[in-house]
Amino acid sequence: MTVLELKYLHDISTIDIFPNVRLTCITTDMFKTGCMSINLIGGLSGETASLSALMPRVLRRGCEDYPDMERIAAALDELYGARIEPAVRKKGEMQSVGLYADFPDDRFVEADGGVLEKTASLLGGILLAPDMCESVFRADYVDSEKSNLIDDIRASINDKRGYSIDRLIEEMCADEAFRVSKLGSEKEADSITPASLTEHYRSLLENSRVEVLYCGSASPERAGSALSSALRALPKTAGVTPPKTQVILYPPVDSPRRFTESLDVTQGKLTVGFRLGKAMRVPDYPAFMVFNAIYGGSITSKLFMNVRERLSLCYYANSFIEKHKGVMIVTSGVEFSKFDAALEEIFYQLALVKKGEISDFELTSAKRYVITSIKAALDSPGGLEELYFDSAVAAAPYDPAGLCDKIEAVTLGRVVETASEIEPDAVYCLNCR
């Protein structure tokens, strides 16, 4: 085994702590810090997305043992600068909400240790024993965090690139849950009351699939004991049905549909959404990753080298795949007069991939780019946590530890097969007023 291979060595264990509560333990001595997360996973819905997104923010304000942020901060200081933050994620048509903590690994603490157990206990207390007034969330905490959430939702328009992606998804997936933002909408957020949030909180605890992740040097047995003790007050509900994502393989017959919006912008945004076709029937994630790097997801991709560099049709042009949903999105910044020319070239470069017109350099460079990105993620506790969480909720689970070898084994034929039925569904143009 090489030194490079040893660097990324870690062991994986999964433990069913309670019914519908699974711990993924990533055991490694690579880092000076550890992390853990508790994630309540439900279906994404326009009626509840803002409620779910607000919940961990309010929980983080105070719990029974530490009723305000100052006392929580003092408790974290005693844990050598540990951090606990709200966590909200969108994976396909699933919304995950909960808490994420990072903390010093006990190997680097001179005192009695037990940082893992104490952090887990604090995490469990914040999640399961919030500071309430007559069994309802405190109105001052709800009002304050609701205002912050609304500000974050409104601020999305300031990032025109991200805004264009959101608007494309809203239009392209208008009849699908995927259209909903992980933060929900301003209207939904504004209607939240302490009573409605409390009711939703209790419903989430009782009806969610729970994924718990730990990354650090502690044994699975120790991590499992610490987290099962911390979560002992979690409702024990059997028979929870895990949420699923509706995957639509092909776009409508009249595609690509075109949507245009005008705002006060100095640069146009051209965003294109694609359906992945038969490749989503039995997802080949390594082939997806290599295909995306060849097409638009790397600095040697066809979109970057041709649409941006050679033809100067875009200020930037790249692609990414939402593998849980089976959607690919191309995002680009263009001059207002070049929308049509850039769109034509974006489609043309995809056609070249489908024909297998991919050089050895493009294939090799794409693999190197993807492998480097994976190793960068493997090189931090948070990166490992994100990779294994993503795998845990995927329709076709994969092994992040073996991804690099699987990427290296991807052939040109697999890339072409993956690309063969990818077709455009919707085009969104953000123009100037």
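The values are calculated or read from the model by the stated rules, or taken from the named source; none is laboratory data. From a predicted model like this one, the values you see are computed outputs, not experimental measurements. Neighbour counts run over all protein chains shown; Cβ positions are idealised from the backbone, glycine included.
Checked against the criteria, K182 counts as of a type in the set (K, R), touching a helix residue (DSSP H, G or I) at 6+ places or on another chain (Cβ under 9 Å), under 24 Å from I41 (Cα atoms) and at pLDDT 95 or above. On the stretch given as region 130-163, residues that are small (G, A, S), under 18 Å from the mean Cα position of the chain (by Cα) and at pLDDT 95 or above total 1. For region 245-268, check the following and say yes or no: at least one residue is among the basic types (K, R) and either farther than 20 Å from L343 by Cβ or under 25 Å from the mean Cα position of the chain (by Cα) (or both). The answer is no; no qualifying residue exists. Each residue in region 80-123 was checked for being in contact with a Ser or Thr (Cβ under 8 Å, 6 or more places away or on another chain), closer than 17 Å to S229 by Cα and not hydrophobic (A, V, I, L, M, F, W, C), and 2 of them qualify.
Between L227, L234, L205, the distinction of being surrounded by fewer than 19 Cβ atoms within 10 Å (Cβ to Cβ) and not acidic (D, E) belongs to L205 only. Among the numbered conditions (1) under 20 Å from the mean Cα position of the chain (by Cα); (2) within 30 Å of A139 (Cβ to Cβ); (3) of a type outside the set (G, A, S); (4) surrounded by fewer than 20 Cβ atoms within 10 Å (Cβ to Cβ), tell me where V180 comes up short. Unmet condition: (4).
Residues that are within 30 Å of N158 (Cα to Cα) and out of contact with any helix residue (DSSP H, G or I) (no Cβ under 8 Å at 6 or more places or on another chain) within region 277-296 comprise just one, N292. Residue count for region 420-433 under the criterion of being in contact with a Leu (Cβ under 7 Å, 6 or more places away or on another chain) and either exposed (fewer than 14 other Cβ atoms within 10 Å of the Cβ) or under 22 Å from P286 (Cα atoms) (or both): the result is 2. Considering only region 59-94, state which residues are among the charged types (D, E, K, R) and out of contact with any helix residue (DSSP H, G or I) (no Cβ under 6 Å at 6 or more places or on another chain). Those that are among the charged types (D, E, K, R) and out of contact with any helix residue (DSSP H, G or I) (no Cβ under 6 Å at 6 or more places or on another chain): R60, E64, D68, E70, R71, D77, E78, R83, E85, R89, K90. Under 6 Å by Cβ, and 6 or more places apart or on different chains, what pairs join a residue from region 408-427 that is in a loop (DSSP other than H, G, I, E, B) with one that is among the aromatic types (F, W, Y)? From region 408-427, the pairs are I422/F274. For region 71-96, a residue qualifies if it is part of a helix (DSSP H, G or I), within 29 Å of the chain's Cα centre (by Cα) and surrounded by fewer than 18 Cβ atoms within 10 Å (Cβ to Cβ), and the qualifying residues are A73, D77. For region 114-128, state whether one or more residues are in the same structural domain as K32 (by TED's automatic domain parsing) and over 29 Å from the mean Cα position of the chain (by Cα). Within region 114-128, one or more residues are in the same structural domain as K32 (by TED's automatic domain parsing) and over 29 Å from the mean Cα position of the chain (by Cα). Identify the residue in region 329-350 that is in contact with a strand residue (DSSP E or B) (Cβ under 6 Å, 6 or more places away or on another chain) and under 18 Å from A419 (Cβ atoms) and, among all such residues, is surrounded by the most Cβ atoms within 10 Å (Cβ to Cβ). Here the residue is V330.
The single residue among A174, A129, A155 that is surrounded by fewer than 19 Cβ atoms within 10 Å (Cβ to Cβ) and touching a residue at least 40 places away in the same chain (Cβ under 8 Å) turns out to be A129. Can you pull out every residue in region 355-386 that is of a type in the set (V, I, T), surrounded by 13 or more Cβ atoms within 10 Å (Cβ to Cβ) and part of a helix (DSSP H, G or I)? Of everything in region 355-386, those that are of a type in the set (V, I, T), surrounded by 13 or more Cβ atoms within 10 Å (Cβ to Cβ) and part of a helix (DSSP H, G or I) turn out to be V370, I371, I374.
Residue count for region 21-70 satisfying the condition of being among the polar types (S, T, N, Q), outside any strand (DSSP E or B) and closer than 25 Å to G81 by Cα: 1. When each of V109, V97 is tested for being touching a helix residue (DSSP H, G or I) at 6+ places or on another chain (Cβ under 8 Å) and closer than 28 Å to S203 by Cα, the lone residue that passes is V97. The set of residues from region 396-406 being surrounded by 15 or more Cβ atoms within 10 Å (Cβ to Cβ) and either in contact with a strand residue (DSSP E or B) (Cβ under 9 Å, 6 or more places away or on another chain) or over 30 Å from A218 (Cβ atoms) (or both) comprises P400, A401.
Yes/no matrix, rows are residues, columns are (1) in contact (Cβ under 8 Å) with a residue 24 or more places away in the chain; (2) buried (at least 22 other Cβ atoms within 10 Å of the Cβ); (3) not assigned by TED's automatic domain parsing to the domain that holds D159:
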residue: T241; (1), (2), (3): no, no, yes
residue: V307; (1), (2), (3): yes, yes, yes
residue: Y315; (1), (2), (3): yes, no, yes
residue: G326; (1), (2), (3): yes, yes, yes
